[in-house]
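For reference, the structure is listed below as structure tokens.
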Amino acid sequence: MPVATSGAAHGEAGRPLARQKALGFGFVALLSFLAGMTDAIGFLRAGDFLSFMSGNTTRLAIAIGEGNGGAILRLSAIVAVFVVGNASGVVVVRQSGGRQWPLLLMVTIATGAAALVAGPEPSPFAYLPLVLAMGMLNAAVDNVAGHPLGLTYVTGALSRFGKGIGRLLCGERNPGFLVQIFPWIGMLAGAVTGVLLLRALAEGALWCIGGFALCLTLGSLAVPRSWLRNSFGLTGP
């Protein structure tokens, strides 16, 4: 009987933790959805990636090799602003005691600013607030239950997923790699949604980015502070 009681107690204690993990993985997918939507709209409207810096780095290298001064300036600005966004995101999270909503509020403001300044004939530089927002977004989640997860890029996630399959084929029985598919699914779904919104609303699709970011901000307010460590790998001071 003591053993059965102990097992039941362990099961009761494990359920809240499982809910926290599920929330964390779900939120990662939604954040990646936002990144995918932003990247698709930005690429189709401005011709540049707004969160995929691997692609922009390759394009910057090509511009340097070809001596294309305009492209060098534009792509260098995008990469630099993205880095500034990452740094700013960490500062906002730390200063807010490890909470997400202030960071996501800043993302909402930045995406709203981009929607205000973008016109029917978009300039790539008008989309820099979105690049800043995507950089900041990376600070929203460090990991979920110890699993490192990227938000605005999925190369690392797909690599970890593929290596996990390889380990499974070699006899390892650790299914933890499966969680790496969440950000990929989120970004893919977000990008498809971005294309559909752009077709339907033209530059008005930018307001949808800000609206979705606002929804995530409001949703993050409901996350109990005690869940942040297990759900998002964030800790306060």
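Odds and ends about this structure:
- Scanning region 5-63 for residues that are modelled with pLDDT under 85 and of a type in the set (A, V, I, L, M) turns up Ala8, Ala9, Ala13, Leu17, Ala18, Ala22, Leu23, Ala46.
- Qualifying residue in region 212-234 (condition: assigned to a helix (DSSP H, G or I), in contact with a Ser or Thr (Cβ under 8 Å, 6 or more places away or on another chain) and modelled with pLDDT under 85): yes
- Within region 150-188, the set of residues being of a type in the set (A, V, I, L, M) and touching a residue at least 40 places away in the same chain (Cβ under 8 Å) comprises Leu151, Val154, Val179, Ile185, Met187, Leu188.
- Top-ranked residue in region 106-124 [being closer than 22 Å to Leu73 by Cα and not in a helix (DSSP H, G or I); ranked as most open to solvent (accessible area, probe 1.4 Å)]: Glu121
- Considering (1) touching a residue at least 60 places away in the same chain (Cβ under 8 Å); (2) surrounded by 15 or more Cβ atoms within 10 Å (Cβ to Cβ); (3) hydrophobic (A, V, I, L, M, F, W, C), the lone condition that Leu103 does not fulfil carries the number (1).
- Criterion (among the basic types (Lys, Arg) and over 23 Å from Ala222 (Cα atoms)) met by exactly one of Arg99, Arg94, Arg59: Arg59
- Selected residue [open to solvent by 20 Å² or more (accessible area, probe 1.4 Å) and either in contact with a helix residue (DSSP H, G or I) (Cβ under 6 Å, 6 or more places away or on another chain) or farther than 25 Å from Ile185 by Cα (or both)] from Ile62, Ile78, Ile41: Ile62
- Here Ala140 fulfils each of the conditions (1) part of a helix (DSSP H, G or I); (2) surrounded by 15 or more Cβ atoms within 10 Å (Cβ to Cβ) apart from (1).
- Count of residues meeting criterion [open to solvent by 50 Å² or more (accessible area, probe 1.4 Å) and aromatic (Phe, Trp, Tyr)] in region 162-187: 2
- Subset of region 199-208 [open to solvent by less than 60 Å² (accessible area, probe 1.4 Å) and either within 14 Å of Leu34 (Cα to Cα) or in contact with a Pro (Cβ under 7 Å, 6 or more places away or on another chain) (or both)]: Ala205, Leu206, Cys208
- Summed over region 55-96, residues that are part of a loop (DSSP other than H, G, I, E, B) and under 20 Å from the mean Cα position of the chain (by Cα) total 1.
The values are calculated or read from the model by the stated rules, or taken from the named source; none is laboratory data. All of these numbers come straight from a predicted model, not from anything done at the bench. For neighbour counting, all protein chains shown are included, and Cβ atoms are generated from backbone atoms with ideal geometry for every residue, glycine included. To get the accessible areas, we keep the full protein, side chains included, count just its heavy atoms, and leave off ligands, DNA and RNA. Shrake-Rupley method; radii C 1.70, N 1.55, O 1.52, S 1.80 Å.
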